[in-house]
Every structure is written in C-alpha cells, then in structure tokens.
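Here the structure is laid out as structure tokens; the discussion comes afterwards.
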Amino acid sequence: MIKSHEGVWESCLKLIKDNISLQAFKTWFEPIVPIKLENNILTIQVPSHFFYEWLEEHYIQLLRKVVKKEIGNDGSLEYSIVMENNSNSSSPYTVKIPTNNTSSLKNAPVNMPINTNEKQIRNPFIIPGLKKVNIESNLIASHTFENFVEGECNRLARASGYAVANKPGGTAFNPLLIYGGVGLGKTHLAHSIGIEIKDNFPNKTVLYVQSEKFAHQFIDAIKNNTTNDFVHFYQMVDVLIIDDVQFFTGKERTQDVFFSIFNHLHQNGKQIVLTSDKAPVEMQGMEQRLLSRFKWGLSADLGTPDLETRIAILEKKMYGSGIELPNDVVEYLAYSINTNIREIEGALNTLLAQASLNKKAITLELAKQMVDKFVRSTAREVSIEYIQKVVCDYFDLPIEMLKSKTRKREVVQARQISMYFSKKMTKSSLANIGAHCGGKDHATVLHACRTVVNLSETDKQFRNYLEELEKKLTIH
Ligand code: ADP
Ligand code: MG
C-alpha cells in the first residue's frame, strides 16, 4: 500500500497533538507543510531555520517516535526550510534528519536565514478584543537621534540603529544588540530607534521595556497563572526593545520565556533591539541558544567618547537647556570628566544648580570646586589630556606639537613638564603617559621627570613656571 505524504503527516499530527499542549501544537506544528514521502523519507516544510532548530531542540524525540510509528523503522525525516525573502536562491534548502540519530543540530548549516517569509506562518496568538494600538511604548521623548551626538565612539551603533529604524525587521541587523559600559548611551540609542520607528511607521507597535521589569512581570505572571497572557502580549508587538539584557543572566526561566518570545517575533519578521553592558561573549550565565541568537543580527558597541565628542555633547546639552557657559568651563568639564556621558551630564546639571542656588556666575573656579565635590572620585583626578592642555595654553603652543615627535626646544620642555605633572597628578603608568606624549616609552618619561626636577632645583624661572602651572592644575 502506498501512503501519501499528506496522509502520513496527518496521522503524525494526531499523535503529536495528543502529546503536547494545544498552544505548542498550534505554534510549532500547524505551520508545517508536508512536501513528499519518498524512500521512506518524509519531507516537511518549516518556515525558517528557527523553526527547525526549535523542533530539533524540543520535539525531536516525539518526532522520531511518530515517524517510526507511521513509516516504520527505516523511516526518516527531512526538513525543507523556507529561505528568507531577500535571498537570491528561491529554492528551499533541506536538512536531513535520520530518526535514529541522537541529534543533528551539530551538523546544522551555519548560514542561517535571517528573515522568514511572513506569509508562511499564521499567527495563532491574536487575542480578540486586545487592540495593538493600546500598547504604551514607554519611550522617553527627548532620547531622539537628533539629541544623540555622533562621534567615533558610537558611529557603528548609531548607524545600525538608524538603519533598523528605517526598516524594522527588514535588515540583517535583527536582533540589533547595542553593548557598552555604563552611561555611554545604550538606553538613549535604544529609545532613539523606537522613536524613529514610531515616526516613520505610525502603525507599528513599539515596546520598550527594561529587562528587570520584564523579569518581574514574568514572575508576577507565574504567580497569577497568566504566563500565557504575558507571552501573548509580548508576541503582539512589532518592535521589541529590551534594555540591559545582561540582567537575564543566571535567570533560567526568564531566559526560556524570552527565548520563545524572541523566536516568535523574529520568525514573523519583527524587529528586536537589545542592549547590554557586556559583549555577548562575556555574558556568563546566559544560555547558549540565546547567545547564538544574539549573534544572528549585529552587535555594535559604544565606546568612551573622545574629547571632541565630549565637548560636542556638552554644547548640545547647554544649547538644549538654553544656558551658556564660558568656554574654559566647557573645556574643563570635557577634559576632566572622561569616564562617561552620564557623569558629564551630572556635572553640568550640578554646576547649573549650584550657580543658580548661590546666585553665582559660572566660572572656572566654581566648576573646579564642583567637580571636586560632586563628581565621583575616580573622575576627580586630572587627566593627562587636561594637563597637556593647560601646559600648552601656558606656553602658547598647539597641543598637536606636544603629541608630535618634534625636538624643538620649547616643545620638548612643554612635553617634559606635561609628563612630569602627569606622573605626579595622575595614576597613569609611565608607558601610558609616554603614549599620550608623542609615543615615548616609559624610560623617556622617567628621564623627563628627572630633568624637570633637576631644572627646578637650579633654574628659578623654570621653578616659577612649575609653580604657576601647578596652581592652574590643582583643583580649588
Ligand atoms: P547607558 O544606558 O549606556 O548607561 P544612557 O543611554 O542612559 O547610558 O546615557 C546616559 C546619559 O548620557 C543620558 O542622559 C543620555 O542622554 C546621554 N548620552 C549618552 N550618549 C549620548 C550622545 N552620544 N549624545 C548625547 N547624549 C548622550
Ligand atoms: Mg541604560
């Protein structure tokens, strides 16, 4: 008797349905289309590589059993995976799964399709009566691209965020993972993407959520027995932005539920944006399958802003608050606070508050006091850059000269003095100081420090320079 592939699959489905939840059945088995049955190989078409992996991870035993039961001991299963929309090849590619193998996942092709063909999958999760438009986006209006100053440190992340915002779900950057240290602009950029999408596509549902909040909601859902609603809710959005996903590390159940939401959204061509304070490789305690999904899209890092970017950010913030600061104050802040942008912003705000409370003019003096009192102690230390700037201003030399290799006498002297103060006033290593001063090695820096000390003992004029400079560099 010749069995048809439809008939066999139909029988398989009956068995499967009896063994798993209705929701799982609808999600993972209804969208499957039987293609053919030849030489005891049943070929089924799945909408995407996700699907195939998911089936392999969760239902392989079950599938193996039912295929065996329906086709016999030498029956096997082959997946035909629908290629992404924008792929050149229109034919599906296949993965063969002998049913007696333990798992074939290791052999899965590394080349994963990124976008699935939306038409392939029906969404089983439409909840009648719950309108998409009712979802509050939780976006902070001021965190726009416009207000996000571009610099070398954020160029890639910003550009990819912008690309995503103009074609959510339609670029290779899905998920887009933005990572970087504290206060470098991850949250701001994540909001920018959301805001831009809402501007460009008013009908799309954008949802921003902090991972901590997501985790708490999930715990509540477990308590109240409403995990289905929780999952359905998140599966309805078009753009899901989850901030600080590193918070999920070590939280297995949260990762599980996030994993299934992630898969559903990705499969349906929805955009996912994630931020993290760590690169994927450094997220210990995050399940491998999640990490591997993070890598499907693009990971872009945010670095520490360079001096120019710090000044540009300060100017932007000043402009935004309608207040003008003297140039030397702006420069001082930008030079002395090089840790992160939140700190720069904090210093600026404190300075403005101090000035208005005490009805004082904003002067360099006030800025120095304020930085000393209020800014985190690590940022309080003067930076090599600031020392160089003060020294160059004092001797009326362009700072580039100091960093160049020139052997002109007055430049050499300024350079040595900068090294001397950098050694004295910062915690930087000799090598690091040298690197900032025209690529000198640590021995050169040491020699410079000795020369300065010797000269100050013998040359009164030189000692004067040092004293004046020290005053300028010392806070207060
Ligand atoms: P993170 O989430 O990485 O800790 P945030 O996004 O909260 O950092 O940024 C800290 C502060 O710095 C925010 O107020 C943000 O608006 C500001 N900020 C960060 N990057 C920029 C930038 N490139 N231009 C302007 N402001 C920025
Ligand atoms: Mg943040």
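The values are calculated or read from the model by the stated rules, or taken from the named source; none is laboratory data. What you are looking at is a predicted structure, and each value in this text was computed from that prediction instead of being measured. As a convention, Cβ positions derive from the backbone with ideal geometry for all residues, glycine included, and neighbour counts pool all protein chains shown. Areas reflect the complete protein model, heavy atoms only, side chains present, ligands, DNA and RNA absent. Shrake-Rupley method; radii C 1.70, N 1.55, O 1.52, S 1.80 Å.
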(request) Based on the mean of other Cβ atoms within 10 Å per residue, sort peptides 447-453, 359-365, 197-203, 155-161 so the most packed one is first. (result) 155-161, 447-453, 197-203, 359-365
(request) Quick one: grab Rg to one decimal and Dmax as a whole number for the chain, Cα atoms only, in Å. (result) 30.3, 110
(request) Enter the angle in degrees (range 0 to 90, nearest 10) between the Cα long axis of helix 307-321 and the first principal axis of the Cα atoms of the chain, meaning the one along which they spread out most. (result) 80
(request) Pull out a ≥ b ≥ c, the square roots of the eigenvalues of the alpha-carbon gyration tensor of the stretch 155-302, then state rounded if a/c is under 1.5, prolate if not and a/b is larger than b/c, and oblate in the remaining case. (result) oblate
(request) Pop a pseudo-label 7 angstrom from the Cα along the beta-carbon direction at both Lys14 and Glu308 and give the gap in nm to one decimal. (result) 7.2
(message) Placing +1 on the Cβ of each Lys and Arg and -1 on the Cβ of each Asp and Glu in the chain, which of Ser137, Asn327, Ile41 has its Cα farthest towards the positive end of the resulting dipole?
(response) Ile41
(request) Would you grab the residues whose amide H sits under 5 Å from the one on Val82? Only those 5+ places off in sequence or on another chain, please, with H modelled 1.01 Å from N. (result) Val46, Ser48
(request) Provide the per residue accessible area, probe 1.4 Å, for the chain, rounded to a whole number of square angstrom. (result) 49
(message) Is there a quick way to get the dipole size of the chain? I mean about its Cα centre, with the Cβ of Lys and Arg at +1 and of Asp and Glu at -1; what is the value in debye to the nearest 20?
(response) 460
(request) Return the sequence-ordered ³J(HN,Hα) values of the stretch 159-169 in whole Hz as given by the Karplus equation 6.51 cos²θ - 1.76 cosθ + 1.60 applied to θ = phi - 60°, using x for Gly and Pro. (result) 5, 6, x, 5, 4, 4, 5, 8, 8, x, x
(request) With no solvent and one equal point scatterer placed on each C-alpha of the stretch 381-476, evaluate the Debye formula and give log10 I(q)/I(0) for q = 0.13, 0.25 Å⁻¹, two decimals. (result) -0.37, -1.50
(request) List, in order, the whole-Hz ³J(HN,Hα) value for each residue of the stretch 30-41 obtained from phi through the Karplus relation with A = 6.51, B = -1.76, C = 1.60 and θ = phi - 60°; use x for Gly and Pro. (result) 4, x, 6, 10, x, 10, 7, 9, 9, 6, 6, 9
(message) Give me the percent of accessible area attributable to carbon and sulfur for the stretch 306-380, probe 1.4 angstrom.
(response) 51
(message) Based on alpha-carbon centroids, what's the gap between the stretch 403-472 and the stretch 173-242 in Å, whole number please?
(response) 51
(request) Calculate, for Gln369 and Asn166, the FRET efficiency according to 1/(1 + (r/R0)^6) with r their C-beta to C-beta distance and R0 56 Å; round to the nearest 0.05. (result) 0.75
(request) Find how much the distance from Lys316 to Lys65 grows on full extension, using 0.36 nm per residue of separation minus their present alpha carbon separation; answer in nm with one decimal. (result) 83.9 nm
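Where Rh denotes the Kirkwood radius from the mean inverse Cα pair distance, what is Rg over Rh for the stretch 306-380?
So for the stretch 306-380, dividing Rg by the Kirkwood Rh gives 0.92.
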(request) Filter the trypsin sites (Lys or Arg not before Pro) in the stretch 1-37 to those in DSSP coil with at most 14 other Cβ atoms within 10 Å of their Cβ, and list the result. (result) Lys3
(message) For a quick check: with amide H placed at 1.01 Å from N, whose amide H comes under 5 Å from Ser76's, ignoring anything fewer than 5 positions away on the same chain?
(response) Ile41, Leu42
(message) Using 19 Å as the Cα-Cα cut-off, could you pick out the over-long pairs in Lys423/Lys472; Lys17/Lys69; Lys405/Lys460; Lys204/Lys270; Lys26/Lys223?
(response) Lys405/Lys460; Lys26/Lys223
(request) Positive end of the charge dipole of the stretch 359-451 (Lys, Arg +1 and Asp, Glu -1 on Cβ, about the Cα centre): tell me which of Gln416, Leu430, Gln388 has its Cα farthest that way. (result) Leu430
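Summing -39500 (n - 2.57) over the DSSP H runs of n ≥ 4 in the chain and dividing by its residue number, what mean residue ellipticity at 222 nm do you reach, to the nearest 500 deg cm²/dmol? Please list the in-between numbers first.
Working: 21 runs with 245 residues, N = 476.
Helices in the chain give a 222 nm mean residue ellipticity of -16000 deg cm²/dmol.
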(request) Lys and Arg at +1, Asp and Glu at -1: add these up for the other residues within a Cβ distance under 12 Å of Ser192 and post the number. (result) -1
(message) Within the stretch 397-426, list the residues whose amide N lies under 17 Å from a label point set 7 Å along Cα→Cβ of Lys460.
(response) none
